[in-house]
Amino acid sequence: MMINRLSLAIFYIFTILLVNNMSGQNWSVFANTTRYDKANIELNLHTENNNRVVFMGNSITEAWVSIRPEFFKDREYIGRGISGQTTSQMLLRFRADVVDLNPKVVVILAGTNDIAGNTGFTPIETIIGNIKSMAEIANSNNIKVIISSILPAIDYPWKPGLEPAPIIVKINKALKAYADKNNFIYLDYYSSMVDDKGGLKVPEYTSEEDLVHPNKEGYLIMEKLAESAINNALSN
């Protein structure tokens, strides 16, 4: 089943690439599958680590490391976020940036940029399928899987007018059902950070100019939830 889903995901990646090239979209802007190659070598690939945790994601994860370096500094936490990336692009680098680092746990936070259409239109089924493929690759390599909800948003400033809130709810519901069915941990950032309109709370967790990326207080909320989920994963 995992091989079939992975094959389907790869098919979608090349289909989206073809469509984007035909429509003038520049796939290479966000691809950057080798960003962490040097850092990965310095982490001693394939070395056993008791409690290594990789955070796989996009700009929300990347900014987390910059805004809250103390969260990562004294732990075996490794940030592998790349700004702008979609789930298809994350799947392409998943082995190098997660599996080859031999972590005990991976925290997957993905989907925002797919909804925004950063590399062209991506069906909801493909977004969910790509996240499932990453989870199953990790699981087949004895890595504990934590699937994070997509953070709430009522708009994406770089792609105005998309109205992502209902799409986020739909995807999160599917991710939770999948995680529950497969005994993966579902990390529900969404419920703790959403306002009554389906967006990140302003100004508590983001700014009016941003609406997508958490501020320091937002990341503090995420850290409490993430640490609880990681401790749960490591204890099982």
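Number of residues in segment 193-236 that are assigned to a helix (DSSP H, G or I), among the polar types (S, T, N, Q) and touching a strand residue (DSSP E or B) at 6+ places or on another chain (Cβ under 7 Å) equals 1. Among residues of segment 205-220 that are at positive phi, those with a beta-carbon under 8 Å from a residue that is aromatic (F, W, Y) and at pLDDT 95 or above at least six positions away or on a different chain give the pairs L211/Y156.
Consider segment 96-121. How many of its residues are assigned to a loop (DSSP other than H, G, I, E, B), farther than 21 Å from H46 by Cβ, in contact with a helix residue (DSSP H, G or I) (Cβ under 7 Å, 6 or more places away or on another chain) and at pLDDT 95 or above? Going through segment 96-121 one residue at a time, the tally reaches 3. One residue stands out in segment 143-192 among those that are basic (K, R) and either assigned to a loop (DSSP other than H, G, I, E, B) or in contact with a helix residue (DSSP H, G or I) (Cβ under 9 Å, 6 or more places away or on another chain) (or both): the one that is surrounded by the most Cβ atoms within 10 Å (Cβ to Cβ), namely K144. For segment 218-236, the set of residues classified as surrounded by 14 or more Cβ atoms within 10 Å (Cβ to Cβ) and of a type outside the set (A, V, I, L, M) consists of G218, Y219, E223, E227, N232, listed by residue number. Assess whether T112 counts as being within 25 Å of E217 (Cα to Cα), of a type in the set (S, T, Y) and crowded, with 24+ Cβ neighbours inside 10 Å. Criteria met by T112.
The residue pairs whose first member lies in segment 107-127 and is farther than 14 Å from I150 by Cβ, whose second member is acidic (D, E) and in a helix (DSSP H, G or I), and whose beta carbons are closer than 8 Å, counting only pairs six or more residues apart or on different chains, are T126/D114.
The values are calculated or read from the model by the stated rules, or taken from the named source; none is laboratory data. This structure is a prediction, so every number in the text was calculated from the model and none was measured. When we count neighbours, we look across all protein chains shown, and the Cβ atoms used for this are built from the backbone with ideal geometry, even at glycine.
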